Amino acid sequence: MEQQQKQDKTIRKLKKQLKLYMKKVEDLEANARQTISSSETSMPVRPVHIARKEKEFQGMLEFKEDDTGHLLKNLVVDLKPRGVAVSFTPGLPAFIIFMCLRYADSVNDDRRLSTLLNSTISSIKGVIKRKGNDFEVVSFWLANTCRLMHCLKQYSGDEVFMVHNTAKQNEQCLANFELTEYHQLFGDLAIQIYRQIIKSMENILLPLIIPCMLEHEAEQGVLGSKPTGLRKRSPSCPDEALTVEVLLQRLSFFHTTMSQHGMDSDIIKQVVKQQFYIISAVTLNNLLLRKDMCSWGKGLQIRYNVWQLDEWLSERELSGCGAKETLEPLIQAAQLLQIKKNTEADAKAICSMCSSLTTAQIVKILTLYTPVIEFEERVSNTFIITIKNLLKDRAESSNLMMDAKKIFSVTFPFTPSSVALETIQIPASLNLGFLIRV
């Protein structure tokens, strides 16, 4: 019994000691936590960058039907091509419009789709009507109209066009609507704009062609003396510094502008061919009307100027575009001014050489030919009659003048784009913040 009491007493004592030690441990832990907390609050917290997950865009732009007018006003009507051409992706307006079309297609909204397409055509037509004399504006919208037409084909789902696409581009083909009729509508619009770009170029070139190709007097030591017995004519343009180099500078401006706008190379080649035809036709027609231009020296000058034009084509890898061939009548006219014109053998050589000139043109140049020096004889009537007899069976037009207003038919070969729609960014300067990338 006594032993039991001792054990109970010992147990109570140990319990008290245990409670005392537990209290001390709790106090120590509390002090430690307080110290750590104080230390943490006194140290600056290192900022942590929270990365946003990159969203995978599908190459579409969400828009409301009510925003169509606002979209086309900012992107077509009010857009100034001069600033856009240099700083933006070539064809950017066309890509933006097509990305909006893809969204309307994806939500199966035929009304939104047709409204955007028809309003786009109307807006572009309006710009061309108002600013048709501005070459840069017309060039810009020819390039973008063709790009939009190509996009409609490239993403149509037609296997003929899909073979040119990447796998991603084929995934982005239109899903709900067949827009073949609009391929034709945009093709017709492109033809209309092409004719306008030719007209705007013609307005710029016409005042330059005669002064640069015919009237500019090079060094007499190179081109020979002036024809005798002729009064000096006033140049068509008051600026006597107009040389073929000035004409080449203008051609270079046209070419650079079209390239910056992202115009298809096939279209640029057709434009250049038309430019050279205008130069050739206007120069030859003027030559056929002016006695003071039909001399040996003028023939040499024309050949030099044509050589300069040929060099310009070669430098831009445009020799195969058909432009050089349009100069052939002018080249042959210049050679006719320099070739011998006395014997029957000379007459046969002329008939063989001048295959691009009509009989009327050959006879006219020979009739107008003026000797460079006083003891050189004019072309005899007998020689001209010989020419006529040699060419009497030639099947040709009887027209004396070339049709300077002729415009070659234009084609727009399909040209796919490698631009990934999902990577296109919309510059803030276009004020299209209401469009949402999808």
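The values are calculated or read from the model by the stated rules, or taken from the named source; none is laboratory data. A quick note: this is a predicted structure, and the numbers were derived from the prediction, not measured. Neighbour counts run over all protein chains shown; Cβ positions are idealised from the backbone, glycine included. When the accessible area is computed, the model is the full protein with side chains, heavy atoms only, and any ligands, DNA or RNA have been set aside. Shrake-Rupley method; radii C 1.70, N 1.55, O 1.52, S 1.80 Å.
Within the range 344-374, the set of residues being among the polar types (S, T, N, Q), within 10 Å of CYS294 (Cβ to Cβ) and open to solvent by 50 Å² or more (accessible area, probe 1.4 Å) comprises just one member, THR367.
Put simply, of PHE177, PHE95 the only residue that is under 19 Å from THR68 (Cβ atoms) and in a helix (DSSP H, G or I) is PHE95. Would you confirm, using the coordinates I've provided, whether THR120 is within 22 Å of GLY433 (Cβ to Cβ), assigned to a helix (DSSP H, G or I), modelled with pLDDT of 95 or more and open to solvent by 40 Å² or more (accessible area, probe 1.4 Å)? So THR120 fails the test.
Hey, any hits in the range 319-342 for a residue that's buried (at least 17 other Cβ atoms within 10 Å of the Cβ) and under 30 Å from ASN165 (Cα atoms)? Yes, there is a match, as at least one residue in the range 319-342 is buried (at least 17 other Cβ atoms within 10 Å of the Cβ) and under 30 Å from ASN165 (Cα atoms). Condition first: aromatic (Phe, Trp, Tyr), within 30 Å of LYS269 (Cβ to Cβ) and open to solvent by less than 80 Å² (accessible area, probe 1.4 Å). Can you find one or more residues in the range 394-410 that meet it? Scanning the range 394-410, I find at least one residue that is aromatic (Phe, Trp, Tyr), within 30 Å of LYS269 (Cβ to Cβ) and open to solvent by less than 80 Å² (accessible area, probe 1.4 Å), so the answer is yes.
Here's the yes/no breakdown for (1) in a loop (DSSP other than H, G, I, E, B); (2) among the hydrophobic types (A, V, I, L, M, F, W, C); (3) under 22 Å from ASN285 (Cβ atoms); (4) modelled with pLDDT of 95 or more:
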residue	(1), (2), (3), (4)
SER314	no, no, no, yes
LEU318	yes, yes, no, yes
GLU325	no, no, yes, yes
ILE331	no, yes, yes, yes
GLN335	no, no, yes, yes
THR370	yes, no, yes, no
PHE375	yes, yes, no, no
VAL379	yes, yes, yes, no
ARG394	yes, no, yes, no
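Filter the range 285-300 for residues that are open to solvent by less than 40 Å² (accessible area, probe 1.4 Å) and free of Cβ contacts under 8 Å to residues at least 60 places away in the same chain and give the result. Of everything in the range 285-300, just one residue is open to solvent by less than 40 Å² (accessible area, probe 1.4 Å) and free of Cβ contacts under 8 Å to residues at least 60 places away in the same chain, namely GLY299. Pairing residues of the range 148-177 that are open to solvent by less than 20 Å² (accessible area, probe 1.4 Å) with residues that are in a loop (DSSP other than H, G, I, E, B) and among the charged types (D, E, K, R), at Cβ distances under 9 Å and at least 6 apart in sequence or on separate chains, gives HIS150/ASP264. Pairs linking a residue in the range 357-381 that is under 12 Å from TRP296 (Cβ atoms) to a residue that is open to solvent by 70 Å² or more (accessible area, probe 1.4 Å), with Cβ atoms under 7 Å and 6 or more positions apart or on different chains, are TYR369/ARG378; THR370/LYS291; PRO371/GLU377; PRO371/ARG378; VAL372/TRP296. Among the residues of the range 372-393, is any among the aromatic types (Phe, Trp, Tyr) and assigned by the TED database to the domain that holds ALA334? Yes, because at least one residue in the range 372-393 is among the aromatic types (Phe, Trp, Tyr) and assigned by the TED database to the domain that holds ALA334. Reported count of residues in the range 258-286, each being hydroxyl-bearing (Ser, Thr, Tyr) and more than 24 Å from ILE210 (Cα to Cα), is 2.
Within the range 417-433, the residues that satisfy the criterion of being open to solvent by less than 50 Å² (accessible area, probe 1.4 Å) and assigned to a loop (DSSP other than H, G, I, E, B) are SER417, VAL419, ALA420, ILE424, ILE426, PRO427, LEU432. Would you mind stating whether LEU435 is within 26 Å of GLU65 (Cβ to Cβ) and at pLDDT 95 or above? Yes, satisfied. For the range 109-138, filtering for residues that are of a type in the set (Ser, Thr, Tyr) and closer than 21 Å to ILE268 by Cβ leaves 0.
No other residue among LEU357, LEU400, LEU368 is over 30 Å from VAL272 (Cα atoms) and of a type in the set (A, V, I, L, M) apart from LEU368. Look at LYS232 and say whether it is at pLDDT 95 or above and open to solvent by 50 Å² or more (accessible area, probe 1.4 Å). When the stated conditions are applied, LYS232 does not pass them.
Can you confirm whether LEU284 is farther than 30 Å from ASN381 by Cβ and either in contact with a His (Cβ under 6 Å, 6 or more places away or on another chain) or part of a helix (DSSP H, G or I) (or both)? Here the answer is no, as LEU284 does not meet what is asked. Is it the case that some residue within the range 278-288 is at positive phi, at pLDDT 95 or above and not hydroxyl-bearing (Ser, Thr, Tyr)? No, every residue in the range 278-288 fails to be at positive phi, at pLDDT 95 or above and not hydroxyl-bearing (Ser, Thr, Tyr).
The set of residues in the range 97-111 that are more than 27 Å from SER200 (Cα to Cα) and crowded, with 20+ Cβ neighbours inside 10 Å comprises PHE98, MET99, CYS100, LEU101, ARG102, TYR103, ALA104, ASP105. Is it the case, given these coordinates, that ASP239 is open to solvent by 10 Å² or more (accessible area, probe 1.4 Å) and at pLDDT below 90? Spelling it out, ASP239 is indeed open to solvent by 10 Å² or more (accessible area, probe 1.4 Å) and at pLDDT below 90.
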